[in-house]
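Below are the structure tokens for one structure; questions will follow.
Just so it is clear, none of the values below were taken in a lab; they were calculated from the coordinates. Just so we're clear, the structure is a prediction, and the values are computed from it rather than from any experiment. Heads up, the Cβs are rebuilt from the backbone with ideal geometry, glycines too, and the neighbour counts pull from every protein chain shown.
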Amino acid sequence: MTTETVDLGPVPAQWTRRHLLGLEELSAEEITVILDKAEVFRKALEDGVRRIPLLRGKTCANLFFENSTRTRSSFSLAARRLGADTLDFSPSGSSLSKGETFIDTAKNIEAMGVDLVVIRHRTPGSPRLLAANLDCGVFIPADDGIRHPTQGLLDIMTIRQRRGSVKGLTVAMVGDIAHSRTARSNIWGLKKLGAHVIVCGPSTLVSPRWAEIGVEYSYSLDDIIPRVDVLNLLRIQFERQYSRPFPSVREYAHLYAMNRDRLKRAKGDILILAPGPINRGVEITPDVADGKQSAILDQVSNGVAVRMAVLWLIASRCGK
Amino acid sequence: MTTETVDLGPVPAQWTRRHLLGLEELSAEEITVILDKAEVFRKALEDGVRRIPLLRGKTCANLFFENSTRTRSSFSLAARRLGADTLDFSPSGSSLSKGETFIDTAKNIEAMGVDLVVIRHRTPGSPRLLAANLDCGVFIPADDGIRHPTQGLLDIMTIRQRRGSVKGLTVAMVGDIAHSRTARSNIWGLKKLGAHVIVCGPSTLVSPRWAEIGVEYSYSLDDIIPRVDVLNLLRIQFERQYSRPFPSVREYAHLYAMNRDRLKRAKGDILILAPGPINRGVEITPDVADGKQSAILDQVSNGVAVRMAVLWLIASRCGK
Amino acid sequence: MTTETVDLGPVPAQWTRRHLLGLEELSAEEITVILDKAEVFRKALEDGVRRIPLLRGKTCANLFFENSTRTRSSFSLAARRLGADTLDFSPSGSSLSKGETFIDTAKNIEAMGVDLVVIRHRTPGSPRLLAANLDCGVFIPADDGIRHPTQGLLDIMTIRQRRGSVKGLTVAMVGDIAHSRTARSNIWGLKKLGAHVIVCGPSTLVSPRWAEIGVEYSYSLDDIIPRVDVLNLLRIQFERQYSRPFPSVREYAHLYAMNRDRLKRAKGDILILAPGPINRGVEITPDVADGKQSAILDQVSNGVAVRMAVLWLIASRCGK
């Protein structure tokens, strides 16, 4: 009952990539392929199938230059549920402090016989650099400081599950747009699938330049709340900010927290997302976080499924 | 020879729990169920059987808010010998420092598709809080600051193995009773199975209030040693003490170390236990630690077996 | 295609050891047994065979008192490709700071049912101490401060692969001979297999006493470069030095870096090795590191194969 083959069908011809570097370079069709396959995996997991050994014999390395327990765990579970072996390789300063270059570290891991590399590195572009330098190993970025494609995919998957389609929906990303990797990945994906996107937050964290790529911006959650279908509440990432972009957490919560009052003014079927970890009382109040509009834990479950889909698709195009 | 099914029989009807929160709430019958099954696993391990895939397809997460290499390793081995997948999730400040609540962290892990959660958290009651909040994931505390049920179980298992029964034995817990999680778990279990328990140590570490629940207390190991059947030597946990509860380690060792002289005054068949790590020369001298009365390494081997039994029993009552 | 049995033949009668404590105690025949079997594993890995379950049911513990992401990963992959279960046990001060002895820690791990222990500990002799104290568990040192036998073996394997034989070759170890564990292991192995060995570096890092055991020494890379067949470029281990053994990194690189100019003065088929992590621009320039003489990544791939061979050979002589 737990170890079964699942009817995924063949890898669709539209999928040709052996790297996933960001949602901005994927077509709507490619995103749809990922989401469709992720749905099959999610369904199988829900039916109690825990091992779908499509990647048996493959080794998937987690190469995390910045720690991320949550994303790493989700990728590890995804890889192991596909029957792959996993290797956690956290170059905790060790090799790097010994003077080794980033690419040498990755090539070393590849030379050990690794098939898929999931990387987290804060320097934008580092995944692309690796993808260009690794001969056969595959590269799937968890994020690189400005992108977090699997988070974007799992958010969009959750919206599609609840609403059937993303097309025509108004989706607001609220909060720390300036420091959020999630925001960027969501925006690219959502726009390709036909959603109208609003970014909303304090003027110190939301740039008017978003309008240049067709994204609406707003400094007032109260203004936009009545016409929003999906609200994605970003965490205030204090650890990534060099200066305080607003007077106090209290003031931020007053203006931007999703709470009972704002929920009353929203559409009845508003869907509320938040990429964890959430700060209860800051961007969301506990009653809303635990309420029926919230899909927060669904996002987590979809995260494993979407990573299984991505790993499977990518591995299928690897020459090894 | 290494991967076999073992004749455990069905899960006994007396076992109905899907959490293990402490020995104080278990009946003597429940403790006996665990120990009986643990014996079967221990026997199988000794016969060279290394994989008994009763939990194939299950995922067991180690959620350790406080590090504990030894307990974590023992649980991991136990889970993997049962064929389960393991996930080490050490929220090293990361998520928590980002403001996430304890329960949100656990619910996130559950949402990734985890079936069993082994938690170590220093706040008493934290396991109970989780047990009440997780819908389907099962929860087995490694300890919570005042309890350490699997250590209690493995100690009692070792006594039963060597003596056939615990009933009627005089068991002395010696040392740092005040800071020991092991002491509390042992005491509840031993009393339920009919042992007479003595707690012994410096007056700063042994409260007269133990008498209120039927536990004898003593400040002198020399006084009690002649009538003791089992001696459980607790480590002085310097790392958990805010002030020095005795003048010097030398004085402590002089009064409470189990050494050759005290061994001569003890019963000929006295059984000596110590939950690792031991401090040679403090609570126990090397000749006694390595002598034939000592069952210290047996405790470690029994630890894996008892954890296999607990994981199997708990998982059998999980609705997934 | 990925899980196959590989034709290794039986364990050769010459192999009788259940510990690997250093290359100095191995005979040329024993080294050759390891290298021959490693070749079979390397070939299988290259053919896409990823799981050769010769150690199914065995548990291999990584007991690293000093961190080493790279060596640990290589051993873990080797063990898992042989079907063994792996356990990372990093006593990060925890047990040791609690006063437990080194041997007690190891005996505890053995008592959990571990079959093979890979240890890294900086005290020379610590592996030998363990080997003498563990009854049944097997012990394979990753290194002990002065030895690093599997690094020596993988270097020699790489030489043999490229040159057919080690006998008669002139092999120069260049750089931080004084602090290198790799140098010592290489030297013993190379001499047994009939190579002529030169150690070369600043006089502060190269002792004339090497001559006593038949090793040539030199302070000038330029002097020796024309007659060298294999160059093994050691990293300057700043983290292991208490005082600066040369005026500047720039001066070191000027005198000892392998660069294009020195390559022109070397034999046309010179083979260049470097145990990672490499410092580009210090002991080797990027063009040489990435050039066709370099076998740096081959060394990494051979590392997994040589560790598979050693684990398999050692396990075959374990009584369990």
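Tell me the mean residue ellipticity at 222 nm calculated for chain C from its helices only (DSSP H runs of n ≥ 4, each -39500 (n - 2.57), averaged over every residue, nearest 500).
Theoretical 222 nm ellipticity from helices: -11500 deg cm²/dmol.
Pick from A:GLY22, A:GLY83, A:GLY113: which is most flexible by mean-square fluctuation in a GNM of chain A where alpha carbon atoms under 10 Å apart are linked?
Comparing A:GLY22, A:GLY83, A:GLY113 in the GNM, the peak value goes to A:GLY113.
P(r) tail for segment B:1-123, what percent of Cα pairs lie past 19 Å?
Beyond 19 Å sits 58 percent of the P(r) for segment B:1-123.
How many partner chain Cβ atoms sit within 10 Å of a residue's Cβ in peptide A:76-84, on average, as a whole number?
Shielding by partners across A:76-84 averages 3.
If you don't mind, another one. Find me the longest stretch of chain B that has none of the exposed GluC sites (Glu not before Pro), where exposed means in a DSSP loop (not H, G, I, E or B) with at most 15 other Cβ atoms within 10 Å.
My reading of the result: B:67-320 is the longest stretch.
Given points 7 Å out from each Cα along the Cα-Cβ axis, report the B:ASN259 to C:ASN259 separation in nanometres with one decimal.
6.6
Taking only complete DSSP H runs, can you tell me which helices of chain C stretch 24 Å or more along their own long axis by Cα positions and average at least -1.0 on the Kyte-Doolittle scale?
The answer, listed by residue number, is C:28-46, C:296-316.
What fraction, in whole percent, of alpha-carbon pairs in the protein assembly as shown exceed 37 Å separation?
Beyond 37 Å sits 54 percent of the P(r) for the protein assembly as shown.
While we're on this one: About the Cα centre, and with charges only on the beta carbon of Lys, Arg (+1) and Asp, Glu (-1), how big is the dipole of segment A:149-296? Nearest 20 debye, please.
Charge dipole, segment A:149-296, about its Cα centre: 320 debye, nearest 20.
Please average, across the residues of C:302-310, the number of beta carbons from any other chain that are within 10 Å of each residue's own beta carbon, and give a whole number.
Values: counts 1, 3, 3, 1, 0, 0, 0, 0, 0.
For peptide C:302-310, the averaged partner shielding equals 1.
Average partner chain C-beta neighbours within 10 Å, per residue of B:98-109?
6
Something else about it: Collect residues whose amide H, placed 1.01 Å from N in the peptide plane, falls under 5 Å from the amide H of B:ASN232; neighbours closer than 5 in sequence don't count.
B:ALA172, B:MET173, B:VAL174, B:LEU273
Nearest beta-carbon of C to the rotation axis carrying it onto B: which residue, how many whole Å?
Spelled out as residue then distance in Å, it is C:ASP88, 5.
Report the residue, chosen from C:ARG18, C:ARG50, C:ARG244, that carries the largest GNM mean-square fluctuation when chain C is represented by alpha-carbon nodes joined by springs under 10 Å.
Of the options given, C:ARG244 has the highest mean-square fluctuation.
Under a Cβ-Cβ cut-off of 13 Å, what is the net charge of the residues other than B:ALA142 that fall near it, where Lys and Arg count +1 and Asp and Glu count -1? Provide the component values of the computation, followed by the final result.
Numbers: positive: B:ARG70, B:ARG72, B:ARG120, B:ARG122, B:ARG147, B:ARG181, B:ARG307; negative: B:GLU66, B:ASP88, B:ASP143, B:ASP144.
Summing Lys/Arg as +1 and Asp/Glu as -1 gives +3.
Once amide H atoms are built 1.01 Å from N in the peptide plane, which residues 5 or more positions from C:LYS58, or in another chain, come under 5 Å H to H?
Result for C:LYS58 returns C:ASP85.
What is the distance in Å between the Cα centres of segment B:1-65 and segment C:14-71?
Centre-to-centre (Cα) distance: 34 Å.
Mind jotting down the distance between the C-alpha centroids of segment C:114-161 and segment C:178-240, whole Å?
Spelled out, the Cα-based centre of one part sits 21 Å from the other.
For segment C:61-169, what ratio Rg/Rh do Cα atoms give with a Kirkwood hydrodynamic radius? The partial results should precede the final answer.
Working: Rg = 15.4 Å, Rh = 15.0 Å.
Here the Rg-to-Rh quotient is 1.03.
Turning to a different aspect of this structure: Starting from segment C:159-242, pick out the trypsin sites (Lys or Arg not before Pro) whose DSSP state is loop and whose Cβ has at most 15 other Cβ atoms within 10 Å.
Taking segment C:159-242 and a limit of 15 other Cβ atoms within 10 Å, the loop trypsin sites (Lys or Arg not before Pro) found are C:LYS167.
Could you give the C-alpha radius of gyration of segment C:149-296 expressed as a fraction of 2.2 N^0.38 Å, taking N as the number of residues it contains?
It is 0.94.
In what order do A:ILE187, C:ILE270 fall by count of nearby beta-carbon atoms within 10 Å, going from fewest to most?
Ranked by crowding around the Cβ, least crowded first: C:ILE270, A:ILE187.
Which lysines does A:LYS267 reach when only Cα atoms under 22 Å apart count, and residues fewer than 8 places away in its own chain are ignored?
Within the straight-line cut-off, A:LYS267 pairs with A:LYS167, A:LYS191, A:LYS292.
Provide the FRET efficiency to the nearest 0.05 for the A:ARG317-B:GLN161 pair, computing r from the beta carbons and using R0 = 45 Å. Let's see the in-between values first.
Working: r = 56 Å, r/R0 = 1.24.
Computed FRET efficiency for A:ARG317 and B:GLN161 comes out at 0.20.
Give me the percent relative contact order of chain B, please, defined on Cα pairs under 8 angstrom at least 6 residues apart. Write out the running numbers ahead of the final one.
Values: 604 pairs, mean separation 67.6, N = 320.
Relative CO of chain B lands at 21 percent.
Assume the label is 7 Å from Cα along Cα to beta carbon: what separations in nm does C:ARG227 have to the matching positions in the other copies?
The projected label point of C:ARG227 is separated from its counterparts by 8.6, 8.6 nm.
Another question about this same structure. Put one equal scatterer on each alpha carbon of chain C, apply the Debye formula with no solvent term, and list log10 I(q)/I(0) at q = 0.10 1/Å to two decimals.
-0.57
Could you give the dipole magnitude of chain C about its Cα centre, charging the beta-carbon of Lys and Arg +1 and that of Asp and Glu -1, in debye to the nearest 20?
Dipole magnitude for chain C comes out near 200 debye.
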